[in-house]
Amino acid sequence: MAISFDKKRKLFHLTNNKISYYFFVNEKNILQHLYFGSYLDDINIESITNLGWDWSKTYLEKDTNIEKFYQDNYYSDRSLTEMASHGVNDKKGAPIIINHKDNSNLTDLRYKSHRIYQGKPRLSNLPHTFLNNDFEADSLEIVLGDIKDDIEVILTFTIFNNLNVIARNTTIKNNSSDEIRVRRAYSLQLDLPHSNYDLYHFHGDWCLERQISKQRLADGLKRISSNFGRSSHEENPFAILASPNANEDEGEAIGFSFVYSGNFAIDVNVDKWKTTRVMMGIKDEDFEIVLGKDESFVTPEGLIIYSNSGIGELSRTLHDLIRNNLIRSKYVHAKRPILFNSWEGCYFDFNTEVICEYIKDAKKIGTELFVLDDGWFGTRDDDTQALGDWYINKEKVDLNKIIKTCHDLDIKFGIWFEPEMINPNSKLFKEHPEFALGYKEMDRSLSRHQLVLDTSNKKAVDNIFEQMCEILDNYDIDYVKWDHNRWISDIYTYHLDHKYQGEIYHRLMLGSYDLMERLCQRYPNILFEGCASGGGRFDLGILYYAPQIWTSDETDPVQRLFIQYSTSMAYPLSSMGAHVSKNPITSYKTKADIALFGTYGYEFDPRKLTQKDIDEVNEVADIYHKYHHEVIQNGDLYRLYSPYETNYMSMMSVSKDKSKALILFANILKENNRYRYLKLKGIDQDKYYWNSFDNKVHKGDYYLNVGLNLTRWLDEFTSFLIILEERESYEEN
Ligand code: DGJ
């Protein structure tokens, strides 16, 4: 069992023999955190907790009113803990804030009991990591009780045996007969004994998603968060604390990732003692959950990922976790089709004939799945109308003919939806104005001419579900692109009693997840792709339902070098929608090389391709068929050069058995033929590999230590896509 409890010392040890997480229950039943990091056989509680003299070492005993010393080196203001109580001496921030029946926010949580078991619990209604068998992980549930009211807080920890990951979440249970209001319910807290870290997180905008922000962790509170009602373009529910000397291959890195798609906060607080408290969960702004007697609130799941060999290893751990223990789709490991999307080719300006021409020309570049994007339904000729009216615009689109054209060419067919939105100019809004968020009395804020559908209202969800089923049941559809083109605002719903209005953001998310779940269950053969004006909802919550997400509406290949590089820190390449676009800044070959390090597809007017363009993309399509599935989709990623720090973006992916690799090297500015040796990573030093660049066989250690000699004149935006394949010896070419 990977989790042990030493009864004498009341000491918990969560370990998989590579990492250790230690905490204990002190004499006052407070959970004191001890250690998180590389494996430690044992720990000395006394030595680790002794912080010298301090006024906070004593307390006033409740029955006698006598000042007493805390045993166990507990300091009420600065000890590291597992779950700080709110309103007591600890001012570093508490993960849970409860407003009690007496209107007090003071909560004092103490250990009551615990349970250790093999396996991992499932979260109903929320996305979460799962196990393929019970032996993959062990779990610990700790019940804390409030000292005064009958409220329980249950902390759940799961440690994975083969991955350095701890999953956590928290349940708040009201056992009293009085209503309580939960004003903050974070999923986890992790206290660390120093602040000597660099903080990495993503920051961005539409067409500029997940740009790396790296800074020395400063004193005080740093909050990475979204109140956009979705994980957002602007921030992302992911952060890393890394030792200042850490790089891709060396140093300690602790990652935090949240399995949720709505508002979130990652609070990193460095206090005056230079300790660091990280808390992660649903953002507490516009958040209040009312719990009646016997009601519970279950938080989403938060993940802590550990690496002591750099950020590259941390990413690979997450990639494996996401591919094996989060994405449920049958397509997660299956070879994905080369996708052609109609959007950037024709936007709304199409009819059946145009689309059929597209399909025929898309076939010439190896398209295996044709996706009809926005514009096929209701009166949708532009973006001012029809969201909510999910029936075919038969005057514009003969869907049977389009699908038949695909099938005649052995191409699968996919279609676009934006289920969680409603245009005021739609039949649905006219019939059900109450399905849109916001007060009727206000000038509601539009964005892209649309309002937000109230997915907290089951009737609205049912309506959309039925409309979608009508399409999906009656047409042969293999793929759905699920878009979400504005953030959430005008937070008011008519269908909920006023006392629940503080729950709307979360209830909207639950309603959206319910819709996704119902559709995934009913259509297990459909390949779903997430999207939110590009990558505005690129998170682990969505990946639970869809194995791939459109990474960004930015299809400029050079910008993509940055976006895809940083996105890969937290998400596998197999989840990153990447298309060759019409953007003229580079050749089609370079655009295809870059798109290959994603899910690979096309998005332009295929009728306008020259024979040279066709040949260039087909060359990459051949490589896609031969290697992508094994090497990129299911392989291990190594980042070689960061475009944020150098003139290059380079990464390589290696098949799990280390027999093959694909390497992408792209430069940004022009460079002369200076010395340039690209040292590879991740391959076997003792194996022989042929490479497609100099068409020679070298031993692994040569590639690892000397590298590929790329000393060449490089024009702007040159890219090399290099194949490595195992050979028996130097002789075999
Ligand atoms: C935003 C998406 O990111 C695009 O790819 C496209 O689907 C449009 N929406 C359609 O409205």
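Values quoted throughout were computed directly from the atomic coordinates according to the rules given, and no laboratory measurement underlies them. Only a predicted model underlies this, so the values are computations on that prediction, with no experimental measurement involved. With ideal geometry, Cβ positions are generated from the backbone for all residues, glycine too; neighbour counts draw on all protein chains shown.
Per-peptide packing, taken as the mean over residues of other Cβ atoms within 10 Å, places 126-134, 323-331 in the sequence 323-331, 126-134 from highest down. As a length-normalised measure over Cα pairs under 8 Å and 6 or more apart, the relative contact order of the chain settles at 10 percent.
Here the chain is assigned +1 on the Cβ of each Lys and Arg and -1 on the Cβ of each Asp and Glu. Its dipole about the Cα centre then comes out at about 940 debye. Annotation: lysines with alpha-carbon distance below 21 angstrom to K101 (same-chain offsets under eight excluded): K148, K173, K293, K499. For the chain, the longest principal axis of the C-alpha atoms and the axis of helix 352-363 are separated by about 90°. Sorting 310-320, 243-253 by average packing, meaning the other beta carbons within 10 Å per residue, from highest down gives 310-320, 243-253. Each of N17, Q118, N44 was placed along the dipole of region 1-121 (beta-carbon charges, centred on the mean Cα), and the one lying farthest toward the positive end is Q118.
Expressed as a fraction of 2.2 N^0.38 Å, the C-alpha radius of gyration for the chain is 1.00.
Amide H contacts of I98 (H built 1.01 Å from N, in plane; Pro and chain starts excluded): R183 sit under 5 Å, all sequence-distant by 5 or more or on other chains.
Ranking S56, Y200, A2 by Cα position along the charge dipole of the chain, where only Lys, Arg, Asp and Glu carry charges on their C-beta atoms, puts S56 farthest toward the positive end. Here's the picture: a label point sits 7 Å out from the Cα of F348 along the beta-carbon direction, and within region 440-467 the residues with their amide nitrogen under 13 Å of it are 448-450. Cross-link pairs exceeding 27 Å in C-alpha to C-alpha distance, out of K10/K272; K330/K363; K214/K274, comprise K10/K272.
Taking Cα atoms only, the orientation of helix 458-474 departs from the longest principal axis of the chain by about 30 degrees. The spacing between region 522-563 and region 338-405, judged by their C-alpha centroids, is 19 Å. Proximity of backbone amide H atoms, modeled 1.01 Å from N, is registered between L527 and Y479, V480 at under 5 Å, excluding neighbours fewer than 5 places apart on the same chain.
Dipole size of region 42-148 about its Cα centre, with +1 on Lys/Arg Cβ and -1 on Asp/Glu Cβ: approximately 380 debye, rounded to the nearest 20.
In this structure, the amide hydrogen of K283, modeled 1.01 Å from its nitrogen in the peptide plane, lies closer than 5 angstrom to those of F264, A265, counting only residues at least 5 positions away or on a different chain. Sorting the segments 204-215, 13-24 by their mean number of nearby beta carbons within 10 angstrom, highest to lowest, gives 13-24, 204-215. Residue-wise HN-Hα couplings along region 536-553, as the Karplus relation 6.51 cos²θ - 1.76 cosθ + 1.60 with θ = phi - 60° gives them from phi, are x, 9, 9, 7, 6, x, 5, 5, 5, 9, 9, x, 9, 9, 5, 6, 6, 6 Hz; Gly and Pro carry x. Which of the three applies to region 367-407, rounded, prolate or oblate, going by the alpha-carbon gyration tensor with a ≥ b ≥ c and a/c under 1.5 meaning rounded? Here region 367-407 falls in the prolate category.
How much of the DSSP beta bridge set in the chain is antiparallel, as a percent to the nearest 5? Antiparallel: roughly 85 percent of the beta bridges in the chain. What does DSSP give for region 307-453 in terms of the percent of beta bridges that are antiparallel, rounded to the nearest 5? In region 307-453, DSSP labels about 40 percent of beta bridges as antiparallel.
Overall, the anisotropy analysis places region 457-584 in the oblate class: the square-rooted eigenvalues a ≥ b ≥ c of its C-alpha gyration tensor yield a/c not less than 1.5, with a/b not exceeding b/c.
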